[in-house]
Amino acid sequence: MAALVAENFRFLSLFFKSKDVMIFNGLVALGTVGSEELFSVVAFNCPCSPARNYIYGLAAIGVPALALFLIGVIWNNHTWNLVAECHKRGIKNFSAAATFLLFGSIMGRAAVAPVTWSVISLLRGEAYICALSEFVRPSSLDKFPAEYGAEVLARFPCKEVPANLTKFRDEVTRRLRYESQLFGWLLIGIVAVLVFLTKCLKHCCSPLSYRQEAYWAQYRSNEDKLFRRTAEVHSRILAAKNVKHFFGFVALDKEEKELVQEFPVEGVQPSPQWNAITGVYIYRENKGFPLYSRLHKWAKGVEGNGPSPEGHEMLFLAS
């Protein structure tokens with residue numbers, strides 16, 4: 001059981017082990033703050049109408065957050081690795097806990113921007129005040145005129161109220177802004193605690209040392225950069241070869257001519273090879289030696305993704 005937990009919690013390191021990831025998350029958060037500020041200045045305009053304020057205020061917070069969340073899921077490479085895994089091999093090689101943690105990694109990365117949006121919106125308070133001003137009980141306001149009701153309260157965010165209600169408008173605005181900012185600070189605290197607990201669980205359950213985790217992160221980053229760079233050059237040379245075969249010549253600049261001469265490309269990789277290096281990857285060992293990626297595993301000639309005798313040895317050592 002301990003070995004299974006240790007293996008599954010390796011998914012958490014996909015999110016926390018790279019400084020580049022943390023820097024990226026910081027940039028996403030800063031970009032979200034700027035976008036929220038721009039939205040508040042340019043686009044936000046409370047309708048100040050009963051029954052409309054609530055929908056508009058919640059939409060101003062929730063709809064952009066949902067859009068940012070979906071964008072984060074789409075931009076995450078792990079999403080498409082999971083899709084490829086399900087399409088090619090299914091998830092039979094992963095336990096329910098492993099699948100849950102993989103989804104957690106994807107959701108955690110995607111949640112950075114929407115959480116930041118929600119926090120800034122709550123700290124500013126405009127959307128919250130717009131949404132809930134009409135629900136303030138007149139009886140909670142000292143000496144509030146009985147002839148006024150929810151319709152007047154709904155106009156408080158727009159400051160379109162009779163002069164004798166100015167002090168009540170200020171009190172309602174102050175009260176709702178206090179509640180909104182309180183929820184914003186609570187959300188920050190909850191997220192901070194969750195991040196802290198997740199990092200603690202990851203370090204406690206990982207069978208790898210800190211230095212090996214750092215090396216694994218560097219390897220994955222370098223492999224990805226070199227693969228993308230090489231794939232771009234390979235595809236360009238192959239395209240040049242096919243264009244030349246069709247026209248009899250190909251118009252290349254000096255740099256491209258040097259690439260064609262330096263790296264002769266005879267053909268393309270067969271689909272089984274692409275399938276072998278594509279999909280979700282759990283850290284594994286083969287006879288005590290680490291396999292850092294699907295490409296590394298393919299290069300070593302290790303077959304299959306399910307537990308093998310060597311895999312059982314790795315799980316035993318991990319416990």
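The values are calculated or read from the model by the stated rules, or taken from the named source; none is laboratory data. Owing to the predicted nature of the structure, the values given are computational and were not obtained by experimental measurement. The accessibility values were calculated without ligands, DNA or RNA, using every heavy atom of the protein model including side chains. Shrake-Rupley method; radii C 1.70, N 1.55, O 1.52, S 1.80 Å.
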Roughly how many whole Å is it from the C-alpha centroid of the range 258-297 to that of the range 102-123? 33 Å
In whole percent, and with a 1.4 Å probe on the protein chains, what portion of the accessible area of the range 210-300 is carbon and sulfur? 58 percent
Suppose all protein chains stay in the model; what accessible area per residue would a 1.4 Å probe give for the range 210-300, in Å²? 71 Å²
Enclosed volume per residue, in Å³, of the convex hull spanned by Cα atoms of the range 210-300: 124 Å³
Show me, for the range 234-242, the HN-Hα J-couplings you get by feeding each phi into the Karplus relation (A = 6.51, B = -1.76, C = 1.60, θ = phi - 60°), rounded to Hz, glycine and proline as x. 4, 5, 5, 5, 5, 5, 4, 5, 5
Ranked from the most accessible area to the least, with a 1.4 Å probe and all protein chains present, what is the order of 83, 302? 83, 302
Would you tell me the accessible area of residue 287, worked out with a 1.4 angstrom probe on the heavy atoms of the protein chains, in Å² to the nearest 10? 140 Å²
On the accessible surface of the range 119-170, probed at 1.4 Å, how many percent belong to carbon and sulfur atoms? 52 percent
Could you give the radius of gyration (one decimal) and Dmax (whole number) of the Cα atoms in the range 54-196, in Å? 21.6, 70
Sorted list, accessible surface of protein heavy atoms, 1.4 Å probe, largest first, for 75, 80, 117 is 75, 80, 117
